[in-house]
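Heads up, the thing below is written out as structure tokens.
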Amino acid sequence: RTAEDIDAALSAGVDAIGFVLVPSVRQVDVATARALASRVAGRAQTVGVFRTLDPDALALAAEAGMDRAQGVLDGVVVGPRVLPVLADGPDLVAAAAALPAPQLLVDGPDPGAGETVDWGRISTLAQARPVVLAGGLTPQNVARAIETVRPAGVDVSSGIERIRGVKDADLILAFTLAARAASAPLERT
């Protein structure tokens, strides 16, 4: 939401930065998102974050200058700019099989609520296709999550906040360092 957040994320070496473009304590308006995204200037991917990804949301992400948009699909065709979000649950593997997307983001049962997913179930899915793991991740548990699931990436929001809606540079760095350290041995295998 702020230039300081962007600078902290870039200094930590993140691969992508999300901008919440829907009503939320974390929401940024389109003009702010565009200005902050320009600050990223190709050093990381920018992602417009939505609960539901419909054609209007995709247009809003483009207007905000986002590289990609993520959300639960609603009338949007999967493409390179779309990162579909699936909620964890007993029907996750079947739902993923029905979705012809090259990559998925798997979140908790209520996407965006910061609830931890069933890492065992996600691990099975991640063996078959690239999965970005989200839901309840923190600097303290991200290494264990990566070692268990072996995801293509991890996504965090509330786990790097000092108070709800306010990012913390130290937590951003701690999360990124823990994720990179856990990923390094996996990249060598």
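What to note about this one:
- Taking every DSSP bridge with both residues inside the chain, close to 10 percent are antiparallel.
- Extension gain, residue 4-residue 93: 0.36 nm per intervening residue step, less the Cα-Cα distance, totals 28.2 nm.
- With Rh defined as the Kirkwood radius, the inverse of the mean 1/r over Cα pairs, the Rg/Rh of the stretch 127-167 is 1.04.
- Only helices enter this figure: runs of n ≥ 4 DSSP H residues, each worth -39500 (n - 2.57), summed and divided by the residues of the chain, yield -11500 deg cm²/dmol at 222 nm to the nearest 500.
- Cα Rg over Rh - the stretch 17-79, Kirkwood: 0.95
- Only protein atoms count toward the accessible area here, which uses a 1.4 Å probe; on the chain, the carbon and sulfur part of that area reaches 54 percent.
- FRET efficiency, 1/(1 + (r/R0)^6) with R0 22 Å, evaluated for residue 77 and residue 51 via beta carbons: 0.75
- Interatomic Cα distance distribution for the chain, bins of 5 angstrom, percent: 1, 8, 17, 21, 22, 18, 10, 3, 0
- Each other residue within a Cβ distance under 13 Å of residue 120 adds +1 if Lys or Arg and -1 if Asp or Glu, for a net charge of 0.
- In this calculation the C-beta distance from residue 25 to residue 124 is compared with R0 = 45 Å, giving a FRET efficiency of 0.85.
The values are calculated or read from the model by the stated rules, or taken from the named source; none is laboratory data. Nothing here was measured: the structure is a model prediction, and the numbers come from that model. Backbone-built Cβ (ideal geometry, glycine too); neighbour counts: all protein chains shown. Just the protein is used for accessible areas: all its heavy atoms, side chains included, with ligands, DNA and RNA removed. Shrake-Rupley method; radii C 1.70, N 1.55, O 1.52, S 1.80 Å.
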